[in-house]
Amino acid sequence: MTFDFVEPVVFALLSIGVIAGGAAVVLLNRITAAALLMAFTFLCMAGMFVLLGAETIAAFQVLIYVGAITVLILYGVMFTKFSDGPRALLFQRQTPIAAVLVAAVAIPVALLSFSFTSAPPRPGGGDLPALATSVFTDFAFPFEVASVLLLAAMVGAIVLTRRDDPEEAAMRRRR
Amino acid sequence: MPVGPFGIDPIIWAPLRLVIAVGLALFLVLNGALLQIYLERKIQAIIQDRLGPYHVGPFGLLQTFADALKLISKEDVRAAATDGWFFIAAPALVFCPMLASWAVLPFAQDIVGANLNIGLLYLTTLGSMTVLGIVIAGWASNNKYALVGGLRSAGQLISYEIPQILALVSVALVVGSLSMIDITRSQTGPLVNVLILPFSFLIYFIAALAETNRTPFDLPEAESELVAGWLTEYSGMRWGTMLALSEYGNVTVVCAIITTLWFGGWQGPGVDAFPLLGALWFTLKVYAFIVVMMWIRATLPRLRIDQLMSFCWKGLIPMALVNIIAVATLALAFPNSLVPIAIANWALVVLFIAGIPFLQRRRLATLRARARASAAPAVRAAS
């Protein structure tokens, strides 16, 4: 008896986690619970990356998505006004259209996924030196473009949210 | 039949090893927290010219054990308006990442949970997960003070993560590895990294104080303004898990990172002959930094929230970026020598220490000028 059974079991648990977490994020009414379950889904995805031998990607997944993005979403939820009115689903009022669109994408994808006949790719190749080398050589230009895009988004966010409140400006000057 | 270590069947040994490792980490965290609370109270007492705990046991050594027993036996109180599952989940969300980060701490030559080749990245990743638990705790408490504490904590921890990671990058640039073992091994003899990279050590230490909610950066739980911040609604062992175990565990982890990266980890006199001596050296170095943190707590007053944020974004992050650029450029220009990097880093430290009084004097002058400008019309009106 060996430990060969562990990897499929872990994969099954992680898949259940990803799918159930993702479904709960969409279906739940409580937005904080949805945010927390989103973090759970990201964690399960990171586990998938570890199974594929890409620990670095898993670490970045947790660092950025769980540690930063989920916290920012919670931050946003806390700053948004919370009404005690009837709790209805906020973003899901176009169920028929959504169903048609999802079917249009999902059915071809499902059909396509059964058409692969070649051997599955070997896991690995996501370790640190290989990743770093490719980012700084082959993919240096896309990497830089992405960073410029992020910079533009940041400047835009600052411009949009900055208020020229005279009272606030006076307060700032006094300080 | 294959035989693993100690003559145990590998099929039993693999899960057994996991249980032993987790149990050992839990044991260390629990006892470390007890010891550090005692140390904290004693050191503050010495600095403030008091006696500190001295009734229970010799020198009051058993005081924290008594406190822990009291916490465990306390009634599990929960306000009616708190947010059920979140309130219960938050302490676990704060505690688990801290416990998981003990897996890569190299206590001695062969005493390490896992030698990950991304050890440093793993530690920063887990450090960034703590903030999620704190924000959830602040939200679930359904209390103004807790919410403000949680929000402050989110802002502070996310901001100070940046200089912290940037300071780690400069060490990785010099050593060329992210594995905690490799970083320790690269610092042979007395030539530890702090002699080469004192400036990144300074940045990391300041940012680490903020990351672990230590004074002067303990805004999320500022007693004088927020009762206890995000911990307000918690009591009993939930409070104990969040504050005592997680905070002190995180302090230990951060000090272990400092020890490994800048002070040679387990290495010290006599380690080659007796490898187990490394655990002693490691512990001594870690506790030296913990004591420095407690000393800072007894010395410095708390910052204001806007000072805290502007110090990070306008002070620490630019400094860390300058540091990285200098280290990376010099590492490329002189691949065989660490001397230029060391010279540049020490120059940055001198500039930093010399620059603070200069900036303070300028700020004081502008403040005085503003005060004079705003006071002048009032005086004229009175006369």
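FYI, it's all coordinate maths here, none of it is from the lab. No experiment lies behind these values; they were computed from the predicted model shown. Cβ: placed from backbone, ideal geometry, glycine included. Neighbour counts: every protein chain shown.
Laid out as a table, the results:
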item	result
Square roots of five times the Cα gyration tensor eigenvalues for chain B, Å	36, 32, 20
Inter-chain Cβ neighbour average for residues A:51-63, partner chain, 10 Å	4
Size of charge dipole - chain B - debye, nearest 20, with Cβ of Lys, Arg +1 and Asp, Glu -1, no other charges	1540
Least to most buried among B:211, B:223, B:75 (fewest other Cβ within 10 Å first)	B:75, B:223, B:211
Segments A:140-147, A:17-24, B:31-38 sorted - mean Cβ within 10 Å per residue, highest first	B:31-38, A:17-24, A:140-147
Rg/Rh ratio calculated on Cα atoms of the range A:1-82 (Kirkwood radius)	1.08
Other protein chain Cβ atoms within 10 Å, averaged over every residue that makes up B:115-125	4
Whichever lysines have a C-alpha closer than 30 Å to that of residue B:285, once near sequence neighbours (fewer than 8 apart) are set aside	B:42
Span-like helix ranges in chain B, DSSP H, alpha carbon extent 30 angstrom or more, Kyte mean at least 0.5	B:10-47, B:119-140, B:144-175, B:277-299, B:339-382
Quarter of Cα convex hull surface for the range B:40-123, i.e. mean projection, nm²	10.2
Cα-centre dipole for the range B:53-151 with unit charges at Cβ (Lys and Arg positive, Asp and Glu negative), debye to 20	200
The protein assembly as shown: radius of gyration and largest Cα-Cα distance (Dmax), Å	26.2, 102
Estimated 222 nm signal from helices in chain B, with DSSP H stretches of n ≥ 4 weighted -39500 (n - 2.57), rounded to 500	-22500 deg cm²/dmol
Residue among B:31, B:113, B:13 farthest towards the positive dipole end of the range B:1-133, charges placed on Cβ	B:31
FRET efficiency, residue A:105 to residue B:51 (Cβ-Cβ, R0 45 Å, nearest 0.05)	0.05
Packing-based exposure ordering (other Cβ within 10 Å, fewest first) of B:185, B:214, B:152	B:185, B:214, B:152
Selection from B:237, B:208, B:192 lying farthest towards where the dipole of the range B:185-253 points positive, charges on Cβ	B:192
Lys, Arg +1 and Asp, Glu -1 on Cβ, resulting dipole of the protein assembly as shown about Cα centre, debye, nearest 20	2240
Two-site label geometry, residue A:117 and residue A:9: point separation in nm, points 7 Å out along Cα→Cβ	3.6
Mean separation of Cα contacts under 8 Å (6+ apart) over length of chain B, as relative contact order %	20
